[in-house]
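The values are calculated or read from the model by the stated rules, or taken from the named source; none is laboratory data. Everything quoted here is computed from the prediction, not taken from an experiment. Glycine also receives a Cβ, built like all others from the backbone with ideal geometry; neighbour counts cover every protein chain displayed.
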Amino acid sequence: MLQVNFAKYKTAIRACLGVFGIFGAILALAYTYQDDIFQTIQDPGQPFQTYTPPTSPDYASLESWLAQPDLGVDPFTLTAKGDVFIVVPSVYRGGAHWNLPSDDLKRKNKLKRIVRPNYVSPYGEAGRLFAPYYRQASLYAFMTNREDAQQAQDLAYQDVKRAFDRFLTQSPPERPLVLVGHNQGASHVQRLLSDFFQGDLKQRLAVAYVIDHPLPVDLFEGTLSNLTPCKNTDQTQCIVAFGSFTSKDKVMAKRFSEKSMVHNGEAYKAISNRTTLCINPLLWTESEDYAPSRLHLGGVAAEGLDPDMKPAPLTKQSGVQCQDGLLYVDTPRSKALRRPIKVGMKFRTLPSNLFYEDLKQDAKRRVERLLASETLPERAGAMLDDFEVQDVQSSPVTLPEID
(Lines give C-alpha, C1' and ligand atoms only; values in the text may rest on other atoms or scores of the structure.)
Protein backbone atom coordinates (compact mmCIF):
# COMPACT_ATOMS: atom_id res chain seq x y z
CA MET A 1 0.00 0.00 0.00
CA LEU A 2 1.28 3.45 -0.86
CA GLN A 3 2.40 5.38 2.19
CA VAL A 4 2.39 9.18 2.09
CA ASN A 5 4.64 11.14 4.40
CA PHE A 6 2.35 14.09 5.18
CA ALA A 7 4.96 15.57 7.49
CA LYS A 8 7.13 16.20 4.45
CA TYR A 9 4.41 18.39 2.93
CA LYS A 10 3.32 20.03 6.18
CA THR A 11 4.39 23.54 5.15
CA ALA A 12 2.61 23.30 1.79
CA ILE A 13 -0.56 21.91 3.43
CA ARG A 14 -0.59 24.74 5.96
CA ALA A 15 -0.17 27.27 3.16
CA CYS A 16 -3.06 25.76 1.22
CA LEU A 17 -5.27 25.70 4.30
CA GLY A 18 -4.37 29.31 4.90
CA VAL A 19 -5.37 30.29 1.38
CA PHE A 20 -8.64 28.35 1.59
CA GLY A 21 -9.27 29.87 5.00
CA ILE A 22 -8.85 33.38 3.66
CA PHE A 23 -11.01 32.55 0.62
CA GLY A 24 -13.70 31.11 2.89
CA ALA A 25 -13.61 34.19 5.09
CA ILE A 26 -14.00 36.40 2.02
CA LEU A 27 -17.00 34.37 0.87
CA ALA A 28 -18.53 34.57 4.32
CA LEU A 29 -18.10 38.34 4.42
CA ALA A 30 -19.47 38.67 0.89
CA TYR A 31 -22.55 36.65 1.85
CA THR A 32 -23.08 38.66 5.04
CA TYR A 33 -22.78 42.02 3.30
CA GLN A 34 -24.12 41.01 -0.12
CA ASP A 35 -26.90 43.61 0.01
CA ASP A 36 -24.43 46.41 0.71
CA ILE A 37 -22.06 45.17 -2.00
CA PHE A 38 -24.90 44.87 -4.51
CA GLN A 39 -26.11 48.35 -3.61
CA THR A 40 -22.63 49.89 -3.99
CA ILE A 41 -22.18 48.36 -7.44
CA GLN A 42 -25.43 49.94 -8.65
CA ASP A 43 -24.55 53.48 -7.49
CA PRO A 44 -24.44 55.75 -10.60
CA GLY A 45 -21.50 57.56 -9.05
CA GLN A 46 -22.64 61.09 -9.80
CA PRO A 47 -25.18 63.48 -8.28
CA PHE A 48 -28.54 63.63 -10.02
CA GLN A 49 -28.14 67.43 -10.19
CA THR A 50 -25.27 67.03 -12.69
CA TYR A 51 -26.77 64.00 -14.45
CA THR A 52 -28.13 64.39 -17.98
CA PRO A 53 -31.38 62.37 -18.07
CA PRO A 54 -32.13 60.14 -21.06
CA THR A 55 -34.40 61.46 -23.81
CA SER A 56 -38.05 61.40 -22.76
CA PRO A 57 -40.50 59.07 -24.58
CA ASP A 58 -42.98 60.47 -27.08
CA TYR A 59 -46.30 58.91 -26.14
CA ALA A 60 -47.89 59.92 -29.42
CA SER A 61 -45.62 57.27 -30.95
CA LEU A 62 -46.47 53.57 -30.84
CA GLU A 63 -42.78 52.86 -30.17
CA SER A 64 -43.14 54.38 -26.68
CA TRP A 65 -45.64 51.69 -25.61
CA LEU A 66 -44.92 48.14 -24.54
CA ALA A 67 -48.62 47.45 -25.08
CA GLN A 68 -51.20 49.52 -26.89
CA PRO A 69 -54.34 48.38 -28.73
CA ASP A 70 -55.20 49.16 -32.33
CA LEU A 71 -56.71 52.60 -31.86
CA GLY A 72 -58.36 52.37 -35.25
CA VAL A 73 -60.77 49.70 -33.97
CA ASP A 74 -64.02 50.80 -32.31
CA PRO A 75 -63.48 49.70 -28.67
CA PHE A 76 -67.20 49.06 -28.23
CA THR A 77 -67.00 46.17 -30.69
CA LEU A 78 -64.51 44.31 -28.48
CA THR A 79 -65.24 41.60 -25.92
CA ALA A 80 -63.10 43.29 -23.25
CA LYS A 81 -65.22 46.14 -21.90
CA GLY A 82 -62.68 48.20 -19.93
CA ASP A 83 -59.39 50.00 -20.47
CA VAL A 84 -56.37 48.94 -18.44
CA PHE A 85 -53.35 51.16 -17.72
CA ILE A 86 -50.36 49.15 -16.50
CA VAL A 87 -47.13 50.56 -15.06
CA VAL A 88 -44.56 47.82 -15.41
CA PRO A 89 -42.07 46.77 -12.72
CA SER A 90 -38.33 47.43 -12.52
CA VAL A 91 -35.91 45.79 -14.93
CA TYR A 92 -32.99 48.22 -14.58
CA ARG A 93 -30.55 47.76 -11.70
CA GLY A 94 -28.50 50.91 -12.28
CA GLY A 95 -24.77 51.49 -12.41
CA ALA A 96 -24.38 53.80 -15.40
CA HIS A 97 -27.60 55.82 -15.05
CA TRP A 98 -30.09 57.04 -12.50
CA ASN A 99 -32.90 56.30 -14.98
CA LEU A 100 -33.29 53.72 -17.71
CA PRO A 101 -32.39 55.15 -21.13
CA SER A 102 -35.27 55.08 -23.61
CA ASP A 103 -33.05 53.42 -26.24
CA ASP A 104 -31.84 50.58 -24.01
CA LEU A 105 -32.71 47.65 -26.29
CA LYS A 106 -31.54 45.02 -23.79
CA ARG A 107 -34.07 46.13 -21.15
CA LYS A 108 -36.80 46.69 -23.76
CA ASN A 109 -36.31 43.10 -24.83
CA LYS A 110 -36.58 41.96 -21.21
CA LEU A 111 -39.81 43.91 -20.83
CA LYS A 112 -41.22 42.20 -23.92
CA ARG A 113 -39.86 38.75 -23.10
CA ILE A 114 -40.59 38.51 -19.34
CA VAL A 115 -42.62 41.44 -18.05
CA ARG A 116 -45.31 41.58 -20.74
CA PRO A 117 -46.41 37.91 -20.51
CA ASN A 118 -46.30 37.84 -16.69
CA TYR A 119 -47.38 41.31 -15.60
CA VAL A 120 -49.35 42.83 -18.51
CA SER A 121 -51.19 39.95 -20.17
CA PRO A 122 -53.27 38.89 -17.12
CA TYR A 123 -55.51 41.91 -17.52
CA GLY A 124 -56.38 41.44 -21.19
CA GLU A 125 -59.83 40.00 -20.50
CA ALA A 126 -60.75 43.05 -18.41
CA GLY A 127 -59.95 45.61 -21.08
CA ARG A 128 -57.69 47.00 -23.77
CA LEU A 129 -54.09 47.03 -22.56
CA PHE A 130 -52.00 50.21 -22.36
CA ALA A 131 -48.50 49.83 -20.88
CA PRO A 132 -46.00 52.64 -21.50
CA TYR A 133 -42.26 52.42 -21.62
CA TYR A 134 -40.88 54.98 -19.18
CA ARG A 135 -37.53 56.10 -17.84
CA GLN A 136 -37.60 53.78 -14.86
CA ALA A 137 -35.70 54.86 -11.79
CA SER A 138 -32.82 52.45 -11.28
CA LEU A 139 -33.12 49.77 -8.65
CA TYR A 140 -30.47 51.67 -6.71
CA ALA A 141 -32.88 54.63 -6.41
CA PHE A 142 -35.12 52.41 -4.27
CA MET A 143 -32.29 51.23 -2.03
CA THR A 144 -31.37 54.64 -0.59
CA ASN A 145 -33.19 57.71 0.70
CA ARG A 146 -30.77 60.16 -0.94
CA GLU A 147 -32.32 63.23 -2.55
CA ASP A 148 -30.83 62.06 -5.86
CA ALA A 149 -32.83 58.84 -5.64
CA GLN A 150 -36.04 60.74 -4.98
CA GLN A 151 -35.43 62.93 -8.01
CA ALA A 152 -34.86 59.84 -10.16
CA GLN A 153 -38.16 58.37 -8.95
CA ASP A 154 -39.96 61.63 -9.65
CA LEU A 155 -38.54 61.77 -13.19
CA ALA A 156 -39.94 58.27 -13.79
CA TYR A 157 -43.33 59.32 -12.44
CA GLN A 158 -43.50 62.36 -14.71
CA ASP A 159 -43.17 60.00 -17.70
CA VAL A 160 -45.95 57.80 -16.30
CA LYS A 161 -48.14 60.83 -15.71
CA ARG A 162 -47.70 62.04 -19.30
CA ALA A 163 -48.48 58.56 -20.60
CA PHE A 164 -51.62 58.44 -18.45
CA ASP A 165 -52.78 61.79 -19.80
CA ARG A 166 -52.39 60.36 -23.30
CA PHE A 167 -54.22 57.19 -22.28
CA LEU A 168 -57.21 59.19 -21.05
CA THR A 169 -57.59 60.85 -24.45
CA GLN A 170 -57.89 57.37 -26.00
CA SER A 171 -60.33 55.97 -23.44
CA PRO A 172 -64.03 56.84 -23.94
CA PRO A 173 -65.85 57.96 -20.76
CA GLU A 174 -68.29 55.05 -21.03
CA ARG A 175 -65.55 52.47 -20.37
CA PRO A 176 -64.39 51.35 -16.90
CA LEU A 177 -60.76 51.91 -15.96
CA VAL A 178 -58.34 49.48 -14.30
CA LEU A 179 -54.98 50.68 -12.96
CA VAL A 180 -52.17 48.20 -12.36
CA GLY A 181 -48.75 48.67 -10.83
CA HIS A 182 -46.23 46.01 -9.84
CA ASN A 183 -43.07 46.77 -7.89
CA GLN A 184 -41.78 50.24 -8.93
CA GLY A 185 -44.90 50.56 -11.08
CA ALA A 186 -47.04 50.30 -7.94
CA SER A 187 -45.33 53.36 -6.48
CA HIS A 188 -46.26 55.35 -9.58
CA VAL A 189 -49.84 54.03 -9.62
CA GLN A 190 -50.27 55.20 -6.03
CA ARG A 191 -49.37 58.72 -7.18
CA LEU A 192 -51.74 58.50 -10.17
CA LEU A 193 -54.56 57.61 -7.79
CA SER A 194 -53.71 60.67 -5.72
CA ASP A 195 -53.36 63.05 -8.68
CA PHE A 196 -56.24 61.90 -10.90
CA PHE A 197 -58.85 60.01 -8.88
CA GLN A 198 -59.77 62.41 -6.10
CA GLY A 199 -62.51 63.90 -8.29
CA ASP A 200 -65.06 62.72 -10.85
CA LEU A 201 -62.71 60.26 -12.57
CA LYS A 202 -63.22 57.98 -9.57
CA GLN A 203 -66.60 57.00 -11.04
CA ARG A 204 -64.83 55.16 -13.87
CA LEU A 205 -62.41 53.21 -11.65
CA ALA A 206 -63.27 49.52 -11.52
CA VAL A 207 -60.21 48.70 -9.40
CA ALA A 208 -56.58 49.67 -8.87
CA TYR A 209 -53.83 47.17 -8.01
CA VAL A 210 -50.81 48.36 -6.00
CA ILE A 211 -48.66 45.23 -5.77
CA ASP A 212 -45.31 44.69 -4.04
CA HIS A 213 -44.89 48.29 -2.96
CA PRO A 214 -46.20 49.44 0.43
CA LEU A 215 -49.44 51.42 0.57
CA PRO A 216 -49.85 52.96 4.06
CA VAL A 217 -53.46 52.82 5.22
CA ASP A 218 -53.22 56.37 6.60
CA LEU A 219 -53.17 57.63 2.99
CA PHE A 220 -56.91 56.92 2.90
CA GLU A 221 -57.25 59.84 5.30
CA GLY A 222 -54.93 61.96 3.18
CA THR A 223 -54.00 61.86 -0.50
CA LEU A 224 -56.32 58.90 -1.22
CA SER A 225 -59.30 60.10 0.81
CA ASN A 226 -61.68 59.75 -2.16
CA LEU A 227 -60.99 56.00 -2.41
CA THR A 228 -61.26 52.95 -0.16
CA PRO A 229 -59.63 49.52 0.15
CA CYS A 230 -61.54 46.71 -1.59
CA LYS A 231 -63.60 44.91 1.06
CA ASN A 232 -65.06 42.10 -1.07
CA THR A 233 -65.20 40.71 -4.60
CA ASP A 234 -68.17 42.83 -5.69
CA GLN A 235 -66.81 46.26 -4.76
CA THR A 236 -65.58 48.75 -7.35
CA GLN A 237 -63.86 52.15 -7.18
CA CYS A 238 -61.45 50.64 -4.67
CA ILE A 239 -57.81 49.60 -4.23
CA VAL A 240 -56.20 46.17 -3.88
CA ALA A 241 -52.71 46.27 -2.38
CA PHE A 242 -50.30 43.71 -0.97
CA GLY A 243 -46.60 42.99 -0.64
CA SER A 244 -45.84 39.26 -0.62
CA PHE A 245 -43.09 37.38 1.20
CA THR A 246 -42.22 33.84 2.20
CA SER A 247 -41.23 32.96 5.75
CA LYS A 248 -37.56 33.08 4.62
CA ASP A 249 -37.84 36.68 3.40
CA LYS A 250 -37.44 38.33 6.79
CA VAL A 251 -34.79 40.82 5.63
CA MET A 252 -36.91 41.79 2.60
CA ALA A 253 -40.03 42.16 4.73
CA LYS A 254 -38.17 44.38 7.19
CA ARG A 255 -36.84 46.58 4.38
CA PHE A 256 -40.35 46.79 2.90
CA SER A 257 -41.88 47.90 6.20
CA GLU A 258 -39.12 50.19 7.43
CA LYS A 259 -37.10 51.66 4.55
CA SER A 260 -39.36 51.79 1.48
CA MET A 261 -39.96 55.30 0.19
CA VAL A 262 -43.62 56.34 -0.18
CA HIS A 263 -44.88 59.58 -1.68
CA ASN A 264 -47.04 61.62 0.71
CA GLY A 265 -48.31 64.13 -1.84
CA GLU A 266 -45.29 66.39 -1.52
CA ALA A 267 -42.19 64.21 -1.27
CA TYR A 268 -40.92 60.67 -0.82
CA LYS A 269 -40.54 59.65 2.82
CA ALA A 270 -39.42 56.41 4.45
CA ILE A 271 -42.43 54.36 5.47
CA SER A 272 -40.98 53.75 8.96
CA ASN A 273 -43.30 50.92 10.04
CA ARG A 274 -46.57 52.62 9.16
CA THR A 275 -49.38 50.08 8.82
CA THR A 276 -49.74 48.94 5.21
CA LEU A 277 -52.77 47.69 3.32
CA CYS A 278 -52.94 43.94 2.70
CA ILE A 279 -55.76 42.54 0.59
CA ASN A 280 -55.56 38.76 0.41
CA PRO A 281 -55.55 37.88 -3.33
CA LEU A 282 -57.29 34.57 -2.70
CA LEU A 283 -60.03 35.93 -0.40
CA TRP A 284 -60.13 39.55 -1.67
CA THR A 285 -60.61 40.95 1.83
CA GLU A 286 -58.40 42.48 4.54
CA SER A 287 -59.03 39.42 6.71
CA GLU A 288 -56.06 37.79 8.41
CA ASP A 289 -57.63 34.36 7.88
CA TYR A 290 -55.43 31.81 6.17
CA ALA A 291 -56.41 31.10 2.56
CA PRO A 292 -55.45 27.50 1.65
CA SER A 293 -53.80 26.61 -1.64
CA ARG A 294 -57.02 25.01 -2.96
CA LEU A 295 -58.30 28.59 -3.48
CA HIS A 296 -55.30 29.55 -5.60
CA LEU A 297 -56.46 29.91 -9.22
CA GLY A 298 -52.99 29.85 -10.68
CA GLY A 299 -49.55 31.34 -11.19
CA VAL A 300 -47.56 31.70 -14.40
CA ALA A 301 -43.86 31.70 -15.28
CA ALA A 302 -43.98 32.78 -18.90
CA GLU A 303 -41.18 33.91 -21.16
CA GLY A 304 -41.04 35.04 -24.76
CA LEU A 305 -44.72 34.56 -25.54
CA ASP A 306 -46.46 36.54 -28.26
CA PRO A 307 -48.99 39.08 -26.89
CA ASP A 308 -51.95 36.96 -28.05
CA MET A 309 -50.72 33.72 -26.46
CA LYS A 310 -52.29 32.69 -23.16
CA PRO A 311 -50.07 30.68 -20.79
CA ALA A 312 -51.51 27.79 -18.80
CA PRO A 313 -51.64 28.68 -15.08
CA LEU A 314 -50.20 26.41 -12.40
CA THR A 315 -53.05 25.97 -9.90
CA LYS A 316 -53.18 25.35 -6.14
CA GLN A 317 -49.55 26.36 -5.67
CA SER A 318 -49.60 28.33 -2.45
CA GLY A 319 -51.66 29.23 0.58
CA VAL A 320 -51.47 32.86 1.76
CA GLN A 321 -52.25 34.96 4.80
CA CYS A 322 -52.20 38.66 5.67
CA GLN A 323 -50.33 39.38 8.90
CA ASP A 324 -49.47 42.84 10.21
CA GLY A 325 -50.02 44.42 6.81
CA LEU A 326 -47.86 41.94 4.88
CA LEU A 327 -48.91 38.98 2.75
CA TYR A 328 -47.10 35.78 3.68
CA VAL A 329 -47.13 33.04 1.05
CA ASP A 330 -46.28 29.38 1.36
CA THR A 331 -43.40 28.28 -0.83
CA PRO A 332 -44.97 27.46 -4.24
CA ARG A 333 -44.93 23.78 -5.17
CA SER A 334 -43.45 24.54 -8.59
CA LYS A 335 -39.84 25.77 -8.68
CA ALA A 336 -40.79 27.94 -11.66
CA LEU A 337 -42.79 30.19 -9.32
CA ARG A 338 -40.08 30.52 -6.68
CA ARG A 339 -37.50 33.29 -6.42
CA PRO A 340 -34.34 32.22 -8.30
CA ILE A 341 -31.08 31.94 -6.38
CA LYS A 342 -29.06 34.76 -7.90
CA VAL A 343 -27.02 37.70 -6.60
CA GLY A 344 -29.36 40.58 -5.83
CA MET A 345 -32.40 38.52 -6.86
CA LYS A 346 -34.33 39.59 -3.77
CA PHE A 347 -34.44 43.11 -5.23
CA ARG A 348 -35.29 42.15 -8.79
CA THR A 349 -38.62 41.57 -10.47
CA LEU A 350 -39.53 37.89 -10.45
CA PRO A 351 -39.73 36.13 -13.83
CA SER A 352 -43.15 34.82 -12.76
CA ASN A 353 -46.48 36.01 -11.40
CA LEU A 354 -47.81 33.82 -8.58
CA PHE A 355 -51.29 35.38 -8.71
CA TYR A 356 -51.64 35.65 -12.50
CA GLU A 357 -55.01 33.89 -12.80
CA ASP A 358 -56.39 35.32 -9.55
CA LEU A 359 -55.71 38.88 -10.72
CA LYS A 360 -57.01 38.11 -14.21
CA GLN A 361 -60.39 36.91 -12.93
CA ASP A 362 -60.70 39.66 -10.32
CA ALA A 363 -60.07 42.50 -12.77
CA LYS A 364 -62.58 41.10 -15.27
CA ARG A 365 -65.19 40.64 -12.54
CA ARG A 366 -64.88 44.18 -11.19
CA VAL A 367 -65.16 45.70 -14.68
CA GLU A 368 -68.37 43.74 -15.20
CA ARG A 369 -69.66 44.86 -11.78
CA LEU A 370 -69.06 48.52 -12.58
CA LEU A 371 -70.84 48.22 -15.92
CA ALA A 372 -73.76 46.45 -14.26
CA SER A 373 -74.09 49.29 -11.74
CA GLU A 374 -75.14 51.61 -14.61
CA THR A 375 -73.25 54.52 -13.03
CA LEU A 376 -71.22 55.23 -16.17
CA PRO A 377 -72.60 57.32 -19.03
CA GLU A 378 -74.22 55.37 -21.84
CA ARG A 379 -72.79 55.60 -25.31
CA ALA A 380 -74.84 57.86 -27.60
CA GLY A 381 -75.12 55.20 -30.29
CA ALA A 382 -76.43 52.68 -27.78
CA MET A 383 -79.01 55.18 -26.51
CA LEU A 384 -80.38 55.66 -30.02
CA ASP A 385 -80.83 51.91 -30.34
CA ASP A 386 -83.30 52.02 -27.45
CA PHE A 387 -85.70 54.36 -29.23
CA GLU A 388 -88.56 52.93 -31.27
CA VAL A 389 -88.37 54.19 -34.83
CA GLN A 390 -91.73 55.04 -36.45
CA ASP A 391 -92.47 55.91 -40.03
CA VAL A 392 -93.97 59.36 -40.60
CA GLN A 393 -96.72 59.42 -43.19
CA SER A 394 -97.46 62.52 -45.20
CA SER A 395 -100.90 64.09 -44.85
CA PRO A 396 -102.58 67.03 -46.57
CA VAL A 397 -102.49 70.39 -44.86
CA THR A 398 -105.86 72.10 -44.49
CA LEU A 399 -105.73 75.88 -44.24
CA PRO A 400 -108.36 77.67 -42.15
CA GLU A 401 -111.05 79.62 -43.95
CA ILE A 402 -110.77 83.40 -43.86
CA ASP A 403 -113.96 85.39 -43.38
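Observations, loosely collected:
- Residue satisfying all of: in region 273-300; aliphatic (A, V, I, L, M) and part of a loop (DSSP other than H, G, I, E, B); surrounded by the most Cβ atoms within 10 Å (Cβ to Cβ) among these: ILE279
- Total residues in region 365-379, condition part of a loop (DSSP other than H, G, I, E, B) and either of a type in the set (A, V, I, L, M, F, W, C) or touching a His at 6+ places or on another chain (Cβ under 9 Å) (or both): 1
- So THR236, is it in contact with a helix residue (DSSP H, G or I) (Cβ under 8 Å, 6 or more places away or on another chain) and more than 29 Å from ALA149 (Cα to Cα): yes
- Subset of region 166-183 [part of a helix (DSSP H, G or I) and either in contact with a helix residue (DSSP H, G or I) (Cβ under 7 Å, 6 or more places away or on another chain) or free of Cβ contacts under 8 Å to residues at least 40 places away in the same chain (or both)]: LEU168, THR169
- Residue satisfying all of: in region 301-327; among the hydrophobic types (A, V, I, L, M, F, W, C) and surrounded by fewer than 16 Cβ atoms within 10 Å (Cβ to Cβ); farthest from VAL217 (Cα to Cα) among these: MET309
- Residue check, ASP212 surrounded by fewer than 17 Cβ atoms within 10 Å (Cβ to Cβ) and in contact with a helix residue (DSSP H, G or I) (Cβ under 8 Å, 6 or more places away or on another chain): no
- The set of residues in region 294-325 being of a type in the set (Asp, Glu) and under 22 Å from ILE114 (Cβ atoms) consists of GLU303, ASP306, ASP308.
- Flag for TYR290 being among the hydroxyl-bearing types (Ser, Thr, Tyr) and under 22 Å from ALA208 (Cα atoms): no
- Being over 18 Å from TYR268 (Cβ atoms) and in contact with a Gly (Cβ under 6 Å, 6 or more places away or on another chain) is a property that VAL178 has.
- Residues located in region 257-272, provided they are touching a residue at least 12 places away in the same chain (Cβ under 8 Å), of a type outside the set (Val, Ile, Thr) and assigned to a loop (DSSP other than H, G, I, E, B): LYS259, SER260, ASN264, GLY265, ALA267, SER272
- Consider region 189-209 and keep the residues that are part of a helix (DSSP H, G or I) and of a type in the set (S, T, N, Q). The one that is surrounded by the most Cβ atoms within 10 Å (Cβ to Cβ) is GLN190.
- Considered as a group, the residues in region 293-339 that are under 30 Å from PRO69 (Cβ atoms) and among the acidic types (Asp, Glu) include one that is modelled with the lowest pLDDT, and that residue is ASP308.
- The set of residues in region 132-162 that are crowded, with 20+ Cβ neighbours inside 10 Å and not in a helix (DSSP H, G or I) comprises PRO132, TYR133, TYR134, ARG135, GLN136, ALA137, SER138, MET143.
- Checked across region 15-34, the condition of being closer than 30 Å to TYR209 by Cβ and either modelled with pLDDT of 65 or more or hydrophobic (A, V, I, L, M, F, W, C) (or both) holds for no residue.
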